[in-house]
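Participant: Questions regarding the structure given below will be posed in turn.
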Amino acid sequence: MNQSRKLMTLDEFTIQELRNFPQATGELSGLLRSIGLACKRINAEVNRAGLVDILGALGTENVQGEEVQKLDDFANKALIDLLNHSIYCAGVGSEENDDIVVFDDPISNNSKYVLLMDPLDGSGNIDVNVSIGTIFSIFKRISPLGQPVTLDDFLQPGHRMVAAGYVIYGSSTMLVYATRRGVNGFTLDPSVGEFCLSHPNMKCPPHGRFYSANYGNFGKYSPGVQAYLKRCETKTTAEGGPYTERYIGSMVADIHRNLIKGGIFMYPGTTDRPQGKLRLLYECNPLAFIVHLAGGIATNGSIPILDIKPVTLHQRMPLFIGSCGMMDELMQCIRAEG
Ligand code: AHM
């Protein structure tokens, strides 16, 4: 490794981006910095999770009726507290809160942006040391400045998103951040505590060999989805080799791998859960934005995820997302088989 190579930190990167936009106020960069700081705190807790009494369930249920893990709760509070004390965000919608959290003070009411987040995705994996992640998306409010934000500011279709990202707490900790200018990945350097640009201008390969689905649900998938999965079992990839099934059950990790190596991830509707499991606002939308900006595709099986107008904060949506060539093949199967 070339030791003299200068790694650009997340702060340096956002400042450099600002230089290209003299009219920018710096609010979005400030918001990203706050998210980065909160995620460093979450990372520290995730890394210590086996050592302190923070593993396991808190004993309460979130609005989805799922058990809240202690780390989920910590991550949710860390992000909301930090954003509340910053001056860059007018309110937050979180998977862990029933309603939006409005930062109703004179400075926050003049912030342009609202944030939606899944503070700790894949939390069912916390106890077993599998990679988990924080997912977020940023929208410009549609309500007038100077007032508290309203629910409508959060229920905007994904194509209006300004930025989105995720942090994966894995073998290394990485922040992947997308704006309309592209997708960039920053790896946390623990020696200096900074996210450093390690994956500039990320592109999702058009083809890949990984397909990720929960096979336990196979019998409950639609004929089109079953046909595609059978196709992956029997046909060869665009490069000629076999497809490989990889499903971690932690979508940030599954999608991160497929984004870098090429692949497809799906959480389809099932006969007993036609809308699937994943939340449109906290999981599908931000990952769809990132993958789309990297050249991939994300749909609910019939329309692009980013075109869906949300109806409620916590609504669920089937998700098919990944390399454009593989997504085309999937859509052919869905069209042919239903
Ligand atoms: P969570 O928000 O409770 O963590 O659930 C979301 C996770 C995704 O990360 C993952 O892809 C999916 O649930 C796995 O679900 P399943 O175990 O049903 O395959």
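Participant: Please go through region 168-192 and give me each residue that is touching a helix residue (DSSP H, G or I) at 6+ places or on another chain (Cβ under 7 Å) and of a type in the set (Val, Ile, Thr), ordered by number.
Facilitator: If the condition is that a residue be touching a helix residue (DSSP H, G or I) at 6+ places or on another chain (Cβ under 7 Å) and of a type in the set (Val, Ile, Thr), then Ile168, Thr173, Val176, Val183 are the ones that fit.
Participant: Something else: Has region 244-252 got at least one residue that is more than 11 Å from the ligand (Cβ to nearest atom) and crowded, with 22+ Cβ neighbours inside 10 Å?
Facilitator: Quick first cut of region 244-252, residues more than 11 Å from the ligand (Cβ to nearest atom) only: 244-246.
Imposing the further condition that a residue be crowded, with 22+ Cβ neighbours inside 10 Å reduces the set to none.
No, region 244-252 has no match at all.
Participant: Within region 110-123, how many residues turn out to be more than 20 Å from the chain's Cα centre (by Cα) and surrounded by 19 or more Cβ atoms within 10 Å (Cβ to Cβ)?
Facilitator: 1
Participant: Which residues, counting only those in region 259-287, are away from the ligand (no atom under 12 Å from the Cβ) and closer than 17 Å to Ile168 by Cβ?
Facilitator: Leu259, Ile260, Lys261, Gly263, Pro286
Participant: Quick check on this structure: which one of Ser137, Ser111, Ser131 is within 16 Å of the ligand (Cβ to nearest atom), more than 22 Å from Asp307 (Cβ to Cβ) and touching a residue at least 60 places away in the same chain (Cβ under 8 Å)?
Facilitator: Only one candidate passes the filter, namely Ser131.
Participant: Just to check your reading of the model, which residue among Ala238, Ala288 is more than 14 Å from the chain's Cα centre (by Cα) and touching a residue at least 60 places away in the same chain (Cβ under 8 Å)?
Facilitator: Answer to the selection: Ala238.
Participant: Please list, ordered by residue number, the strands (runs of 3 or more DSSP E) wholly in region 1-112 having 2 or more residues that are modelled with pLDDT under 95. Lay out the reasoning, then the answer.
Facilitator: Details: elements: 57-61, 67-69, 91-94.
Ranges flagged: 57-61, 67-69.
Participant: Could you tell me how many of the residues in region 167-211 are buried (at least 21 other Cβ atoms within 10 Å of the Cβ), under 23 Å from Val130 (Cα atoms) and of a type in the set (Val, Ile, Thr)?
Facilitator: 4
Participant: What are the residues in region 210-220 that are more than 12 Å from the ligand (Cβ to nearest atom) and in contact (Cβ under 8 Å) with a residue 12 or more places away in the chain, if any?
Facilitator: Phe210, Tyr211
Participant: What's the number of the condition Val252 fails, among (1) at pLDDT 95 or above; (2) over 15 Å from the mean Cα position of the chain (by Cα)?
Facilitator: Failed condition: (2).
The values are calculated or read from the model by the stated rules, or taken from the named source; none is laboratory data. As the structure is a computational prediction, the values presented were derived from the model and not from experiment. Every residue, glycine among them, receives a Cβ derived from its backbone with ideal geometry; neighbour counts consider all protein chains shown.
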